[in-house]
1. Charges on Cβ only, +1 for Lys and Arg, -1 for Asp and Glu, centred on the Cα centroid of segment 206-261; of Pro218, Tyr240, Leu259, which one is farthest towards the dipole's positive end?
2. Among 179-190, 90-101, 105-116, how do they line up by average Cβ neighbours within 10 Å per residue, starting with the highest?
3. Taking θ as phi - 60°, what are the ³J(HN,Hα) couplings along segment 313-330 by the Karplus curve (6.51, -1.76, 1.60), each to the nearest whole Hz, with x for Gly and Pro?
4. Using only the Cα atoms, what convex hull volume per residue in Å³ does segment 3-356 have?
5. As I understand it, the value is the acute angle between the Cα axis of helix 119-129 and the longest principal axis of the Cα atoms of the chain; what does it come to in degrees, rounded to 10?
6. Looking at segment 243-324, which chymotrypsin sites (Phe, Trp or Tyr not before Pro) are DSSP coil and have at most 13 other C-beta atoms within 10 Å of their C-beta?
7. Going by a ≥ b ≥ c, the root eigenvalues of the Cα gyration tensor, does segment 239-344 fall in the rounded group (a/c under 1.5), the prolate group (a/b larger than b/c) or the oblate group?
8. Put +1 on the Cβ of each Lys and Arg and -1 on the Cβ of each Asp and Glu in segment 16-104; which of Pro47, Ala31, Ile80 then has its Cα farthest toward the positive end of the dipole?
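Taken together, the values in this text are just the output of simple stated rules run on the coordinates, not laboratory data. The shown structure was predicted, so the numbers you read here are calculated from the model rather than taken from an experiment. Here the Cβ is made from the backbone with ideal geometry for all residues, glycine too, and neighbour counts use every protein chain on show.
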Amino acid sequence: MNQSEKVLLNSRLINQVKEANNFDFIRFFLAYSVMFNHFSTLTETDPFWFVSGGFRVKGFFIISGFLVMFSFLRTPNTRIFFRKRIQRIMPAYSLTILLCALIGLFLTSLSCREYLTSSSLYTYLICNLLTFNFLSPDLPGVFDTNPLQAMNGSLWTIKVEFMLYIIIPIIYWLLKRYNKLVCLLLIYILSFIYSTTCNYLDDMIHNPIYEFMKRQFPGQMMYFCSGIIILAYFPVFRKYMRYLFPVSLFLLLGREYLLLSIFEPIALASIIITVAYGFKWLHVFNRMGNFSYGIFLIHFPIIQIFIHYGLDRYSFILTLALTTILSTGLGMLSWKYIEKPCLYHPKKKNQMNAMIG
């Protein structure tokens, strides 16, 4: 390890990041927040959850920046890194796409033959398996009477997540060769300028393309980068996080005033990482397994199915309860039988080679 790499990662930083934390709790909180927001939107009812829509997705990108960059710093091997990421994300994601296409067969207004021979079905499968969900969000004849026809509108973040993964080796290369604070702040500011420009154009021209562009990779980079910034200076952050927490709350609450909006990503990241390492009583969630990803993947089509059959018009509470129970149960099954078995385990390969040798 050369001197520049030692600046990026040392034993003190490794030990502090690996301490017992509350990331599982935060993931659960964000996943259920996404579900509750989508429930209100799809059923066309008043929002009842206290966390606004944008913060949930931003929180996921902040956590990814912090943890995924830490993973790459510990094993800066691009091939292994992408293999880990693909094995973590794609098995459950791909199965969700295939299940949605299968479920569509029983929900479509088309005949079985018309559905199976429709080019739209195969366009949906190809585009969604490649994470280009925006190109084909609907299945033929499915949810035609729902307010929104999309089969699974929560999956747009996956392509953004993969693009952020792709940029990690480039960030690593920059941080090894140049001043890490300058590099990270430059990425942060460029992302903020991009997002602000999209906001301005959306307000002036009222073209939905700018809202779409704002949500894409360049606009989310400042949140991802905020997680990396805190990771890069984590020992200092840990030392002062009790003082940074109220300052971050102030910046977050006052983001609409003056120029405080530029601090929103780093302030939100500071709050999330403080919660992750500051409340030991939340460690109990670490025993439950990390099935928040499954909840995120499956909740949207469940809500859509209930709307399709009119359950939401019969009982709001019953529909919400069933959505929560089914999403949680299927998320747990996904973690136990799909996600966890597919995780990358390099030791298994080494042990097998030793046995063969």
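1. Tyr240
2. Working: 179-190: 15.8, 90-101: 18.2, 105-116: 14.2.
Output ranking for 179-190, 90-101, 105-116: 90-101, 179-190, 105-116.
3. Once θ is set to phi - 60°, the couplings for segment 313-330 become 6, 7, 7, 4, 5, 4, 5, 5, 5, 5, 4, 5, 5, 5, 5, 5, x, 5 Hz.
4. Details: hull volume 60.4 nm³, N = 354.
Dividing the Cα hull volume of segment 3-356 by its residue count gives 171 Å³.
5. Helix 119-129 sits at roughly 20 degrees to that axis.
6. Numbers: sites: Tyr243, Phe250, Tyr257, Phe263, Tyr277, Phe279, Trp281, Phe285, Phe291, Tyr293, Phe296, Phe306, Tyr309, Tyr314, Phe316; in loops: Tyr257, Phe279, Phe291, Tyr309.
Of the chymotrypsin sites (Phe, Trp or Tyr not before Pro), the ones in loops of segment 243-324 whose Cβ has at most 13 other Cβ atoms within 10 Å are Tyr257, Phe279, Tyr309.
7. Values: a/c = 2.71, a/b = 1.54, b/c = 1.76.
Judged from the Cα gyration tensor, segment 239-344 comes out oblate (a/c at least 1.5, b/c at or above a/b).
8. Looking along the dipole axis, the top candidate is Ile80.
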